[in-house]
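Here the structure is laid out as structure tokens; the discussion comes afterwards.
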Amino acid sequence: VQLVESGGGLVQPGGSLKLSCVSSGRTFNTMGWFRQAPGKEREFVAAIRSGDAHRYYGDSVKGRATISRDNAKTTVYLQMNSLKPEDTAVYYCAASRLNAIASSVRRGDTYDSWGQGTLVTVSS
């Protein structure tokens, strides 16, 4: 199973970006995004369950991010708006066989597979 992210890059503060993650080999019950900034711990960004499309968001991106998936449930997207310099990080796609719930969706060990990451830099 391979997760491949794309869509990262340099964006100005206040701008928008859409990240994509394609899963090859299988579908997952939960797919999500985490990020890690230099010198900081990995942080949960967002996740979506395949069955009911229930969405979860991290506090730092709530209201500015939208996670979605395609009908085949093999691709997950993260639309980020009103980007801030503190959003600068490597964004990682993650996927789980579990139907994650609120108590587990933010934990890294809930996820079975991880992508290599895509760098998002928010700077003027």
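Could you please find all residues in region 60-71 being of a type in the set (Gly, Ala, Ser) and surrounded by fewer than 18 Cβ atoms within 10 Å (Cβ to Cβ)? Within region 60-71, 60, 63, 68 meet the criteria.
Selection within region 44-59: residues that are not in a strand (DSSP E or B) and not small (Gly, Ala, Ser). The member of this set that is farthest from residue 97 (Cα to Cα) is 59. Among the residues of region 72-90, those that are open to solvent by 50 Å² or more (accessible area, probe 1.4 Å) and closer than 21 Å to residue 101 by Cα comprise 73, 77. For region 1-38, the tally of residues that are over 15 Å from residue 69 (Cβ atoms), among the charged types (D, E, K, R) and open to solvent by 20 Å² or more (accessible area, probe 1.4 Å) stands at 0. Within region 72-100, residues that are more than 18 Å from residue 29 (Cβ to Cβ) and free of Cβ contacts under 8 Å to residues at least 12 places away in the same chain have Cβ atoms under 9 Å from residues that are open to solvent by less than 40 Å² (accessible area, probe 1.4 Å) and part of a strand (DSSP E or B) in no pair, counting only partners at least 6 apart in sequence or on another chain. Checked across region 39-59, the condition of being touching an Asp or Glu at 6+ places or on another chain (Cβ under 7 Å) and either loosely packed, with under 13 Cβ neighbours inside 10 Å or of a type in the set (Phe, Trp, Tyr) (or both) holds for no residue. Any residue at all in region 52-71 that's within 15 Å of residue 5 (Cα to Cα) and more than 12 Å from the chain's Cα centre (by Cα)? Scanning region 52-71, I find at least one residue that is within 15 Å of residue 5 (Cα to Cα) and more than 12 Å from the chain's Cα centre (by Cα), so the answer is yes.
The values are calculated or read from the model by the stated rules, or taken from the named source; none is laboratory data. Just so you know, these numbers come straight off a predicted model, no measurement behind them. Glycine also receives a Cβ, built like all others from the backbone with ideal geometry; neighbour counts cover every protein chain displayed. These accessible areas exclude ligands, DNA and RNA; they are computed on the full protein's heavy atoms, side chains included. Shrake-Rupley method; radii C 1.70, N 1.55, O 1.52, S 1.80 Å.
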